[in-house]
Structures are given as structure tokens and as C-alpha cells.
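The structure under discussion appears below in the form of C-alpha cells.
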Amino acid sequence: MVARVVPVDPFDLVVFGATGDLARRKLIPALYHRLHDGQMPDSARIVGAARSDLTREAFRNMAAEALKEFVGPADLDPETVSRFLSCIDYARVDASSDAGWSELAAAMPPEPGRVRAFYLSVAPRFFGPMAERIHAAGLSGADSRIVIEKPLGHDLASARALNATLAEHFHEHQVYRIDHYLGKETVQNLMALRFANALFEPLWNARHIDHVQITVAESVGVEGRGPYYDGVGAMRDMVQNHMLQLLCLIAMEPPGRFEPDAVRDEKLKVLRALAPHDHPEDVVRGQYAAANGTAGYRDDAEAPESRTESYVALKAEVANWRWSGVPFYLRTGKRLRARVSEIAVAFKEAPHSIFPAASGRWAQNVLAIRLQPDEGITLGMTIKDPGPGGMRLAPAVLDMTFADAMSSSKLRMPDAYERLVMDVIRGDQTLFMRGDEVEAAWEWVDPIIAGWEERGDRPVSYDPGSSGPEDALMLLHRDGRRWREIAT
């Protein structure tokens, strides 16, 4: 494997909420790696902005500590660390008031052609007001970009209101709605697998595919962010954004060109083709219980009567010619058996077996795209068991685990944020959601949530360390199928 680094031009990046967890764990290490690998120039400027009363040196010390904690020792080169810290500045800015904005503008005089990006690593309620303040302070211009994290609204109405506010101050091509799942190497390889190989595209339809499973399982609970999570739940936190985006990449038609709007046009068509969810039995909500000294969801969320789901499993249908009759099964949950994110495309069995029953049963062909951990792609096949003694069928796996390939070539697997932040600077929106995509996803999700509230549904309990509620197993058993095992 060969890694090719394409340098970007000098830029300014203002990270609002720079003293927060996302900046420390992800953004600062990601930017360091881009400098270390020669993609980010030394003349780039990273401005941390937060309410904390810090000096430039104090913030640089904080960044240095973040690098020690979240960058591997093999990549922590003292000379590169020194170069990186010299790129960092700090500004005291209050997201909820006008304090500090004029000082930030004075410290950043415009330079023609120099990209200026604003990363809003802050609570979602500040997205709209901060877009207004960035514009009012004279910080936005033709080469400006604004980056916002999910959740992008709490429902369709709030998503539309946010999009309208952003549109007042930035053009759509300047707005980057980031979803870190789309920056993962395996997700990008999914598009290469589909559209750069003649092997799969003829089979990528209802005639040959039996069903698709998308799993995002977490082994941790909601401790530390329980009160926030209790106002959101698994449907809003994971399904509406990450999981529907993965579904779109699986189900989309080939775009005419690999360009941002061409790709996003096709994803939007998938979201608008999702059949309305009229069958409550096709959605399972769960909430992890307390067991073996482990706190339950309600304890973690500090909400004894909570009806918020920490687990969702559902069956979706893309109502178009390519996918008619193919179920898409989605599940996500906390405090499950293992941390794993995977897309599994299960193909139909061969129409006729020429082999005698004594030779064994063949395995279903399953293309599994693993996002985490150990990113990679596998394809389940049936082969002849080696050796004499007649025809004996046995399962085998074609394995392309990226971690193994990177290890053998001594390359490091870049974090998703490294790719996405550099895409912002390059002005490439291919891996970012467009405003109409966000609204279309809410249009499908909102009625499901409304149905729960109208019926007064309570999530069913499931044991921590399990695969989720029994009801979720029945969701597939009714269709004569089974969930893939959640395992590392």
C-alpha cells in the first residue's frame, strides 16, 4: 500500500469550543498528524476559541498535553510538535454573547484567497447564533467555510430553522455538516468497491441481494453524558444521521461523476425513496438494565422514569426498482456485547445445488464492510475443503483488513477527522451532508418518534453485555433470518 499526501494551501482554522473534549481528543491530534505527514503547511494558523480566560501559551500547553495523551509515541516527534504548537493561537470568545468577537476579527485580517474555516465544536443551540455573530463580526467571506457537528436539529422543524439561519449568512457550498462516519477509510472504500469494479454492480440489486444489515454497537453506556442523551435517544443520536447515511451509500445509484453534488443528489433520492414506517412491530426500542453491579440506563441518565431508548432495531425498505423487496435491517445500541460497526450485504443463495447432501451445506455469500474496530472488508465464500476424500464444501473468507495491510507497510490508518478537516480546507463537500439530506432524514424519522409518543410506548429492557432485546431477534426471525453476531 502506498500513501499519497496532497498538500493544502495555507489556511486559518478557528475552533470554537477549543477547550472541549472533541477538540482535545480528535481535532488537535488530527491537525498534528496532517502537519506531521506533510499535508498541512507550517504557515497554517489554528485559533482556539473558548470562554476560558487563557493565554496563548496556556492553550498551547493544553494542546501539547492533548498530543501526549492521544497521539501514539511513534508519531510524537519533538521537532514536529514544536512546529505544530507554533501554528496555534488563542482567542477568548463567548459563544452566547458579543464578548471577544471584535478582538477575534482584529486578530484575523482578511487575506485574499486564504481559506478561513470555522469549526463549531459547541452545543447545537449555539450553531445559529454563532453563524450570525461570525457574519456580523465581518469574519465571513467568499473563502470562508463553517463546520457543524450533529445533532443537526432535534426534529424536522428545528432542522429547517437551522438551515434557514445558516443560509442567511453562508451559501450552501460554504456549509460543512460533518459526519465522522463518512470519513472512515472503509466507508470511502465502499464507494470504490461499488463503482470502480465491474464485479459487484451487476449483482447490486433485489435480484441477487437477500437483505442488508447495518450494525453500530457500543459496549459503553451513557455515563458522563446521561442528561444530554436522555433528551435525544438512539433514534436521533445514531439512526437519523450516521446509519441513514450508511444506508444511502449502500443503496444509492451510481452518480454521473464523483463530485459533491452528484453524490449527494443520489443519496437524497434514497432518503426520499424510504417507505413510510407504518408497522410498529418493525421497530424495537430497548433500554439497558442494571446487572452485576453495572448501573442501568436510568441511573446513568439520572432519570428514574425515562422512556428514552438506548437501543433501536428496525426494518427499512427502499421503495424503488433496484431494491424492491430487499429489507434493510438497522440496529444500534449502548452497553452491548462489543464495540463494532459493520455493514453486511447478504446475497441470495444459488438457485440450485449440484452437490450431494453429504458434501455439506454451502455458506451464504456475505460482503461485510467493517468500520470499527479493525477497518476492512471481507467476503464469505464456499470452497472445497482441501484434501482427498471427495467433494466436501466448507466456508472460507476473503479478507482485506486494512489494519493488517497498513501494519505490513508501516503506514498509519488516519482518523476520519484528519480526512474531513482537510476536505473542508480543500472545499470538497463529497463526504458532508447537504441541508436537504438532513431534512429528508428527519422527514422519515419524525413519524416513527411521533408514533412512540402517541402510543405511550416504553422501551423494553435488555441485559448489559448482550446483543440487545429479545424482540430485536424476533424482528429477523419473523422473516426467516438472523442477526450477525456482535463480536470483535
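Here the accessible area is traced with a 1.4 Å probe on the protein chains. For the chain, carbon and sulfur cover 52 percent of it.
Looking at the chain, the pairs of alpha carbons with a distance over 38 Å make up 30% of the total.
A straight chain from ARG160 to ARG412 at 0.36 nm per residue would run longer than the Cα-Cα distance by 86.8 nm. Judged by the mean number of other Cβ atoms found within 10 Å, the most tightly packed of the peptides 457-469, 441-453, 234-246 leads the ranking 234-246, 457-469, 441-453. Highest mean packing first, where packing is the average number of other Cβ atoms within 10 Å per residue, the peptides 330-336, 433-439, 286-292 line up as 330-336, 433-439, 286-292. Calculated mean residue ellipticity at 222 nm for the chain: -9000 deg cm²/dmol, from DSSP H runs with n ≥ 4 weighted as -39500 (n - 2.57), summed, divided by the residue count and rounded to 500. In region 1-97, the alpha-carbon atoms span a convex hull of 103 Å³ per residue. Spatial offset of region 158-225 relative to region 247-317 amounts to 12 Å, using the alpha carbon center of each.
Extension gain, ASP299 to ARG83: 0.36 nm times the residue separation minus the Cα-Cα distance gives 73.2 nm.
With 20 Å as the limit, the listed pairs LYS26/LYS68; LYS184/LYS269; LYS26/LYS150; LYS315/LYS348; LYS26/LYS184 have LYS184/LYS269 beyond it between alpha carbons. Pairwise Cα distances in region 121-265 exceed 28 Å for 34 percent of all pairs.
The values are calculated or read from the model by the stated rules, or taken from the named source; none is laboratory data. Every value quoted in this text rests on a predicted model; they were computed, and no experiment measured them. A quick note on method: Cβ atoms are made from the backbone with ideal geometry, for glycine too, and the neighbour counts reach across all protein chains shown. We work out accessible area using only protein heavy atoms, side chains counted, and drop any ligands, DNA or RNA first. Shrake-Rupley method; radii C 1.70, N 1.55, O 1.52, S 1.80 Å.
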